[in-house]
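Okay, so here's the structure we're looking at.
The values are calculated or read from the model by the stated rules, or taken from the named source; none is laboratory data. Since we're looking at a predicted model, the values are computed, not measured. Glycine also receives a Cβ, built like all others from the backbone with ideal geometry; neighbour counts cover every protein chain displayed.
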């Protein structure tokens with residue numbers, strides 16, 4: 001049986017509200033479905049937003065009230081998928097966690113209904129979705145990626161284990177157990193799918209934990225729009241003998257939320273906290289940089305020998321879709337001479353262990 005599918009990335013950017021972004025996601029997915037796409041990846045933090053340039057009013061040793069207000073607004077735009085801060089794993093996937101009760105005593109969604117809405121989109125369009133989200137659990141935020149299958153709904157979710165730089169102020173660390181790959185079958189093609197989010201892809205041991213699970217579709221949602229990103233993605237594809245999808249947002253400074261620090265100027269007093277009637281003034285005015293692009297994009301698709309199949313796509317922010325018709329037997333063909341976690345690994349000499357994660361290829 002042919003092992004061919006159409007895989008794609010969407011260079012979409014977060015809109016001014018979660019509701020608008022969900023609506024755009026549905027439209028983009030339907031457009032992809034109409035073009036015959038089987039698997040579609042959206043960028044890092046697409047739902048909830050990547051707070052590019054936002055300082056959250058913080059320096060080492062001090063936080064301002066204006067930053068707490070920014071965090072509140074960011075928290076409210078994040079999605080609640082009904083998971084716990086510790087991460088419930090298979091219990092969350094299998095809907096075994098208790099749901100709340102509505103005012104009429106009836107059962108409600110566990111979470112804000114975003115999970116169910118995404119499952120409905122996948123089911124209606126027939127497209128397997130992988131989506132970067134900012135997830136709210138308790139009072140903390142996690143940068144995550146969800147896997148949504150048309151038939152079974154959400155079959156997995158992983159949280160970024162190592163937020164980069166200032167991301168650590170607002171994103172908590174996820175469990176390495178969430179690096180578990182997911183499996184699905186589309187049109188008779190068996191896929192083993194896993195994601196590494198943005199600069200997690202610079203972590204050699206993390207990459208190897210995915211290779212060890214015999215991944216043939218590697219997802220790299222990102223916020224990195226540097227020219228060097230493509231070189232990394234090509235290395236991963238060639239190193240893992242896997243197809244790689246990498247999606248990034250392309251967004252102008254003017255399209256970022258109004259509260260983001262990069263377009264704001266706090267009305268300062270001597271200590272950056274004007275007091276009006278005994279209350280800190282958190283009034284913010286726009287301050288736009290001279291350049292147009294906050295993030296230039298760079299979404300791409302790469303084959304298992306490191307060949308660039310589509311992209312990188314620069315300075316295009318109209319929810320463009322890049323797609324490629326691929327043969328997943330190319331992954332096996334590539335392992336004639338190199339299998340990073342198998343014949344080439346010298347597992348008699350080198351061994352990787354990840355807390356809470358079985359590195360064996362899934363059945």
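Descriptive notes on the structure:
- Taken together, the residues in the stretch 248-262 that are part of a helix (DSSP H, G or I) and surrounded by fewer than 21 Cβ atoms within 10 Å (Cβ to Cβ) amount to 4.
- Any hit, the stretch 345-363, residues being surrounded by fewer than 16 Cβ atoms within 10 Å (Cβ to Cβ) and touching a helix residue (DSSP H, G or I) at 6+ places or on another chain (Cβ under 7 Å): yes
- No other residue among 210, 245 is assigned to a strand (DSSP E or B), at pLDDT 95 or above and either within 20 Å of the chain's Cα centre (by Cα) or within 24 Å of residue 157 (Cβ to Cβ) (or both) apart from 245.
Rundown of residues vs (1) farther than 20 Å from residue 39 by Cβ; (2) out of contact with any strand residue (DSSP E or B) (no Cβ under 6 Å at 6 or more places or on another chain); (3) modelled with pLDDT of 95 or more, yes/no style:
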| position | (1), (2), (3) |
| --- | --- |
| 146 | no, no, yes |
| 163 | yes, no, yes |
| 167 | yes, yes, yes |
| 171 | yes, no, yes |
| 190 | no, yes, yes |
| 193 | no, no, yes |
| 205 | yes, yes, yes |
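- Residue within the stretch 61-69 that is more than 15 Å from residue 169 (Cβ to Cβ), surrounded by 18 or more Cβ atoms within 10 Å (Cβ to Cβ) and touching a helix residue (DSSP H, G or I) at 6+ places or on another chain (Cβ under 9 Å) present: no
- Qualifying residue in the stretch 36-47 (condition: surrounded by fewer than 18 Cβ atoms within 10 Å (Cβ to Cβ) and either under 27 Å from residue 195 (Cα atoms) or modelled with pLDDT of 95 or more (or both)): yes
Let's see how each residue does on (1) over 21 Å from residue 21 (Cα atoms); (2) modelled with pLDDT of 95 or more:
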{"site": "289", "(1), (2)": "yes, no"}
{"site": "302", "(1), (2)": "yes, yes"}
{"site": "316", "(1), (2)": "no, no"}
{"site": "321", "(1), (2)": "no, yes"}
{"site": "340", "(1), (2)": "yes, no"}
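- Test set (1) surrounded by fewer than 16 Cβ atoms within 10 Å (Cβ to Cβ); (2) closer than 22 Å to residue 321 by Cα - residue 98 fails condition number: (2)
- In the stretch 1-35, of all residues being part of a loop (DSSP other than H, G, I, E, B) and touching a strand residue (DSSP E or B) at 6+ places or on another chain (Cβ under 7 Å), the one that is surrounded by the fewest Cβ atoms within 10 Å (Cβ to Cβ) corresponds to 35.
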